[in-house]
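What follows is a short report on a single structure.
The values are calculated or read from the model by the stated rules, or taken from the named source; none is laboratory data. Just so we're clear, the structure is a prediction, and the values are computed from it rather than from any experiment. As a convention, Cβ positions derive from the backbone with ideal geometry for all residues, glycine included, and neighbour counts pool all protein chains shown. Ligands, DNA and RNA are stripped out before the accessible areas are found, and what is left, the full protein with its side chains, is counted by its heavy atoms. Shrake-Rupley method; radii C 1.70, N 1.55, O 1.52, S 1.80 Å.
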Amino acid sequence: MALATKYNAKEVEDKWYQFWIENDFFKSEVNEKPSYTIVIPPPNVTGILHMGHMLNNTIQDVLIRRARLQGYNACWVPGTDHASIATEAKVVAKLKEEGIDKNSITREEFLKHAWDWTHNYGGKILGQLKKLGASCDWDRVKFTMDDDLYASVIKTFVDLYEKGLIYRGYRMVNWDPEAKTTLSDEEIIHLEKNGNLYYINYAIDGEDDFLTIATTRPETIFGDTAICINPNDERYAHLKGKQAIVPIVGRKIPIIEDEYVDLEFGTGCLKVTPAHDENDKNLGDKHQLEVIDIFNEDATLNAFGLHYQGQDRFEARKAFANELKEKGFLLKTEKHLNKVGTSERTGAVIEPRLSDQWFLKMEDLAQPALDAVLKNKDIKLFPKKFENTYKHWMENIRDWNISRQLWWGHRIPAWYIGEGKTDFVVANSDKEALQKAIEKTGNTALTIGDLHQEEDVLDTWFSSWLWPMSVFDGINHPDNEEFNYYYPTKDLVTGPDILFFWVARMIMAGYEYTNQKPFDNVYLTGLVRDKQGRKMSKSLGNSPDALKLIDDFGADGVRVGLLLSSAAGNDLLFDEALCQQGKGFANKIWNAFRLIKGWEVDENLAMPKHAQAGLEWYESRFQQVLEEVDDHFSKYRISDALMASYKLVWDDFCSWLLEIVKPNYGEKIDAKSYEKVILLFENNLRILHPFMPFVTEEIWQHITPRKNEEALVVNQWPEKKSFDLNKINAFDFMKEVIAGVRNIRKEKNISFKDSIDLLVINNENTATDLDALIQKLGNINELSYTASSVDGALSYRVGANEYFIPLKGAINIEEEIEKINEEIKYLNGFLKSVEKKLGNERFVNNAPEQVVALEKKKKSDALAKLETLESSLKSLQ
C-alpha cells in the first residue's frame with residue numbers, strides 16, 4: 001500500500017471498522033480464555049449521540065480493546081433501553097401530528113405505533129457509536145423489550161411478589177402531570193424557585209374571630225379538611241375543639257391538635273390537605289380526616305375546585321389569590337424562595353398525589369449491596385469518594401414505587417378478578433393467571449374473560465436493574481453456559497447521577513438472584529461541561545454535534561481530546577481545541593512513520609554507537625512508561641494512562657530517539673537500527689491502540705504485509721520486562737548537556753550545521769557511554785575531558801560537571817568581545833539608575849513594598865548578568 005503524504009481519517013476509519021467487523025474481531029464466544037465483560041449502559045432507544053455518550057463509550061472501548069490485547073476473551077454487550085416515558089412521549093407527539101389522540105385508540109393499536117416508531121427511528125445511537133470506533137459484539141445487541149428480556153422482567157416480578165417483597169398500596173406518590181405517570185423520588189430534581197407566601201384568614205365557626213395560615217399553594221384550599229395547631233401553643237388555646245370555615249368554599253373543618261406543628265414557622269396554624277401533601281396525609285391518617293382530591297391527572301382542577309374547574313393549577317392559583325384578596329380573606333403576600341420538585345424527564349412541577357401503586361420493599365435487598373461495596377469491598381467504586389454517597393442512599397432507602405401509568409413498557413403481570421381491583425392474582429401468563437384465579441376463588445366456571453390485566457407498566461429501571469444478567473439470559477436460564485462464563489462482568493462505566501437509579505439496583509438484583517456481584521469495578525465518569533463550566537444543553541446552544549466533531553477531527557482526535565481532559569469522577573471542561581490536539585497527535589504519529597519509511601536501509605552497515613545507546617535507552621524508557629500506564633489503568637486513571645503514552649511517543653520517541661537514529665542527509669541507515677526502531681514503533685502502536693484505534697491500525701498494516709489474524713486489534717499488549725533505571729537517569733543528564741549546547745548555539749548564532757568542540761570537567765564521574773549521543777545530537781566534532789577551565793571558551797554547568805565550548809573558529813572573537821563590551825556598558829548604566837532609585841530614601845519609604853522588591857530584583861539580576869559577561873569576556877581575551 002502506498003503511503004499517503006497526509007493522514008486522512010475519513011478514508012481510514014470506515015475502511016478499518018468494516019475490516020474488523022468482517023473478520024469478527026469484536027465477536028466473543030465461550031472459550032478457554034478468561035472472560036472480560038462489559039455491558040453497555042443502555043442508552044434510550046430515542047437517543048442520539050451526545051458528549052456524555054462519547055466520553056462514556058470511549059472509556060469503555062479503551063478498556064475493552066486493552067483487555068483484548070491482553071489476551072482476554074473481551075465481550076462488550078451493546079443495547080438500548082425502551083425508555084417508557086421518553087418513548088411514549090415521542091409516540092404521542094407523532095400521533096398528535098397525525099391528528100390521533102392516544103385516548104381514542106386501544107392499547108394494542110398504540111403499541112403497534114410504538115413498535116413502528118422504535119423500528120423506524122430508534123437505535124440510531126448504536127450506529128453512531130460505530131463511528132466513534134466502539135468495538136462491541138454487534139451480534140449481541142439487546143433491547144429491554146426483547147422477548148427474552150421481557151420474560152426476565154415478568155419472571156422477576158412474579159418471584160418478588162411471591163416472596164412478599166412486592167405489594168400494592170394506596171400511597172402518596174410523585175405525579176408528573178405532563179407524562180401522566182408516577183415517578184420515583186430519584187427521578188425528581190429539586191430546584192429553587194421564587195414564589196409567594198400567602199397569609200389567609202379562616203373564620204371561626206359561630207364566632208366573630210378568625211385564624212391565619214400561611215401557604216405557598218392557595219389553590220389547595222379547596223382540599224382542606226382540617227386546621228392543625230400545636231397543643232402547647234398558648235396563642236391558640238382558645239380555639240381547641242372548634243371549627244374553622246374554608247374561605248370561598250364555606251366548608252366547616254375541625255381544628256385539631258398535634259405536636260407536629262412547628263411553633264416558630266409561619267403563623268403556627270397549619271392547613272391540612274391530606275390529598276396533596278405527604279405530611280398532611282400522615283396527619284390525616286392519624287386524625288381520621290376526610291381526603292379530598294381536587295386535581296385531575298393533568299393537574300387541572302376538578303369539580304371540587306368549584307368555579308375554577310378545568311383551570312390549570314398555576315392559573316387557578318393566581319385567579320384564586322385575587323378572589324381571596326377581593327373578598328377580604330388575603331391578609332398579605334410575601335416573597336418566598338421555595339424548593340420545587342420537577343420531573344427529570346418532562347420538567348413539569350411534580351404534584352403529590354394519592355394513588356394505588358405497586359411497590360417493592362427495599363430494606364432487605366439493600367443490605368447485601370451495602371456490604372458488597374463498604375464492608376467486603378467485593379465491588380470497588382472509582383473514585384472512592386462516591387462510597388459516601390452510596391452509603392447515604394442505601395442506608396436511607398425507601399420502598400420503590402415500580403408502577404407507571406403508561407402503555408409502553410413491561411405490563412405488570414397482575415390480573416384482577418371481576419370488576420374491582422381488590423381481588424387479584426400475579427402470574428407469568430394469562431393462562432397461569434386463570435389457573436391461580438380458579439384456585440383462589442374456587443370458581444371453576446371462571447374464564448379469561450372474567451379477568452382483566454393491570455393497565456400499568458413497570459418503571460424502566462425495573463428492567464435495566466437486571467441488565468448484566470438478562471443480556472446473558474441469566475434470569476430465565478441461570479445455569480446456561482454463557483451466563484456462567486461471562487457473569488460476573490468486569491467493569492461498569494457510567495455517570496454518578498445514576499449511581500442509585502441503576503448501579504445500586506443492579507448490585508441488589510445481582511445478590512438477590514445469583515448471590516454474586518454483577519461486576520468487579522464501577523468507573524464513574526464526570527459530567528461533560530463547556531469550557532466556561534456550564535452544563536451542556538440544547539437551550540444554551542453549547543453542546544457540539546458529536547458526529548460533526550468526528551467529521552472535523554477524526555474519531556481518534558475526538559477520543560484523545562475527551563480523554564485528555566477527563567479525570568475519573570471529575571467534570572471535564574470540553575474545548576474543541578482538545579480535539580485539535582488529538583488530531584495533531586495522530587498526524588505526529590503518521591509523520592513519524594513516514595520519516596522512518598523514508599530511510600534507505602543498508603544491510604552492510606554496522607550499528608553506530610550513538611544508535612545503540614539511544615535504542616537501549618528507549619527500550620528501558622518504554623518499559624518504565626509501560627509500568628506507569630498499567631498502574632494508571634489499575635486505578636482507572638484513564639486520562640493519566642493516555643497522557644503518559646502521549647508524552648512517551650511525542651517527546652521520547654519522536655523528539656529524541658528518531659533524532660538519534662536518523663541517518664544524516666543523503667546517507668543510509670543500518671539494518672539492525674532500522675529493525676529495532678520498527679519493533680519499538682510497533683510497541684508504541686500497541687499501547688496507543690486502545691486510545692486511537694484507527695490511526696494505529698492503519699500504520700500497523702503499512703509496516704509490513706500481514707495476514708488478517710495479525711491485525712493490531714487482536715495483537716498483544718507489550719510484554720513487561722525489567723528496565724535499567726541508570727540508563728534512563730544517564731539519558732536525562734545527557735538531555736541537559738544537549739540543552740546547554742543548543743542554548744549556546746542559539747545565543748551565539750552558531751549554525752547547527754557547523755560542528756564544534758566540547759570539553760568536560762567530569763566532576764560527576766558520569767559514564768562515557770553516552771558520549772556518542774552527545775556528539776550526534778550536538779554536532780560535536782571532538783568531545784574530550786579536561787581537569788581545568790578552558791580559556792577562550794563559553795561554559796555552562798550540568799550538575800557538578802562543567803562544559804566548555806571553545807569559540808575559536810566557531811565565532812568571530814573580536815566581534816563577540818565588542819558585543820559583550822556593549823552589553824556590559826548598557827548594564828552598568830541600567831545598574832546606576834536602579835541604585836539611584838534605591839538610594840532615594842523617599843522612594844524606599846513611600847513606594848509600595850512590591851515595587852521596591854522589584855527594583856531590588858532588577859539590581860541583583862543585573863549584577864549576576866554582569867558577572868557572567870565579565871567571565872565570558874575574560875575567557876575570550
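The table for this structure:
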read-out: Test item: Cα-centred dipole of the range 744-877, Lys/Arg +1 and Asp/Glu -1 on Cβ, debye; value: 640 debye
read-out: Cβ-placed point charges (K, R +1; D, E -1), dipole of the range 646-742 about Cα centre in debye, nearest 20; value: 120 debye
read-out: On Cα atoms only, tilt of 107-121 relative to the major axis of the chain in degrees; value: 10 degrees
read-out: Gain on full stretching of the segment that runs from I678 to E815 - 0.36 nm per residue minus C-alpha separation; value: 44.6 nm
read-out: Zone of E867's modelled label, taken as backbone nitrogen in the range 722-754 under 13 Å from a point 7 Å along Cα→Cβ; value: none
read-out: Segment I48-D101, length gained on full extension (0.36 nm per residue, minus Cα span); value: 16.4 nm
read-out: Listed residues Q357, L324, G495: farthest to the positive end of the dipole of the chain (Cβ charges); value: G495
read-out: Estimated D of the range 304-386 in µm² per second, where Rh is the Kirkwood radius over Cα pairs and Stokes-Einstein applies at 10 °C, 1.306 mPa s; value: 86 µm²/s
read-out: Total charge dipole magnitude, the chain, about the Cα centre, Cβ charges on Lys, Arg, Asp, Glu only, Debye to nearest 20; value: 2260 debye
read-out: Kirkwood Rh (inverse of mean 1/r, distinct Cα pairs), the range 809-873, angstrom; value: 13.3 Å
read-out: Shape metrics for the range 179-307, restricted to C-alpha atoms - Rg then Dmax, Å; value: 15.4, 48
read-out: Peptide ranges 250-256, 768-774, 115-121 listed from the most packed, as the mean C-beta count within 10 angstrom indicates; value: 768-774, 250-256, 115-121
read-out: Pairwise label distance in nanometres, N664 with E627, each label 7 Å out on the Cα-Cβ vector; value: 3.8 nm
read-out: Relative packing of 838-846, 237-245, 103-111, which averages over residues the other C-beta atoms within 10 Å, highest first; value: 237-245, 103-111, 838-846
read-out: FRET efficiency for R171 and Q18, using Cβ-Cβ distance with R0 set to 41 Å, rounded to 0.05; value: 0.15
read-out: Cα→Cβ-extended label distance, 7 Å offset, between D116 and L854, nm; value: 7.5 nm
read-out: Mean accessible surface per residue for the chain, computed with a 1.4 Å probe while every protein chain stays in place, in Å²; value: 47 Å²
read-out: Estimated FRET transfer efficiency (A577, E192; beta-carbon r; R0 30 Å; 0.05); value: 0.30
read-out: Quotient of C-alpha Rg and 2.2 N^0.38 Å, computed over the range 59-171; value: 1.44
read-out: Listed residues F553, F462, N515: farthest to the positive end of the dipole of the range 459-562 (Cβ charges); value: F553
read-out: Rg ratio (alpha-carbon, reference 2.2 N^0.38 Å) - the range 459-615; value: 1.57
read-out: Enclosed volume per residue, in Å³, of the convex hull spanned by Cα atoms of the range 546-652; value: 116 Å³
read-out: Cα gyration tensor shape of the range 203-262, rounded if a/c is under 1.5, else prolate or oblate by comparing a/b with b/c; value: oblate
read-out: Per residue, the convex hull volume that the Cα atoms of the range 364-416 enclose (Å³); value: 146 Å³
read-out: Fraction of accessible area attributable to carbon and sulfur, the chain (%, probe 1.4 Å); value: 47 percent
read-out: Modelled label reach - K124, point 7 Å along Cα→Cβ, the range 45-75 residues with backbone N closer than 15 Å; value: 45-51
read-out: Convex hull (Cα only) mean projected area of the range 644-799, reported in nm² to one decimal; value: 12.0 nm²
read-out: Packing-based order for 655-661, 49-55, 450-456, using average beta carbon neighbours within 10 Å, highest first; value: 49-55, 655-661, 450-456
read-out: Gain on full stretching of the segment that runs from K535 to N765 - 0.36 nm per residue minus C-alpha separation; value: 77.1 nm
read-out: Pairwise label distance in nanometres, E334 with Q435, each label 7 Å out on the Cα-Cβ vector; value: 6.5 nm
read-out: Accessible heavy-atom area order of T868, T460, T156, T422, highest first, probe of 1.4 Å; value: T422, T868, T460, T156
read-out: The chain, Rg to Rh (Cα coordinates; Rh as Kirkwood inverse mean 1/r); value: 1.12
read-out: Coarse-grained scattering of the range 487-546 at q = 0.24, 0.26 Å⁻¹, given as base-10 log I(q)/I(0) from a Debye sum over alpha-carbon atoms; value: -0.94, -1.04
read-out: Solvent-accessible area of Y674 with every protein chain in place, 1.4 Å probe, in Å² to the nearest 10; value: 40 Å²
read-out: Taking the chain and dividing mean pair separation by its residue count, relative contact order in percent (alpha carbons under 8 Å, at least six apart); value: 12 percent
read-out: Cut-off 17 Å, label 7 Å out along Cα→Cβ of S655, residues of the range 690-718 by amide N; value: none
read-out: Exposure of K94 as accessible area (Å², to 10), given a probe of 1.4 Å and all protein chains; value: 70 Å²
read-out: Among S565, G799, A134 - extreme Cα towards positive end, dipole of the chain, charges at beta-carbon; value: G799
read-out: FRET efficiency, 1/(1 + (r/R0)^6) with R0 41 Å, evaluated for N570 and N779 via beta carbons; value: 0.35
read-out: Accessible heavy-atom area order of W650, W502, highest first, probe of 1.4 Å; value: W650, W502
read-out: Nearest 10 degrees, 0 to 90: helix 576-597 Cα axis against the chain principal axis; value: 40 degrees
read-out: Residue-wise HN-Hα coupling along the range 291-299, computed from phi with Karplus coefficients 6.51, -1.76, 1.60 (Hz; x: Gly, Pro); value: 10, 10, 8, 9, 10, 7, 5, 9, 6
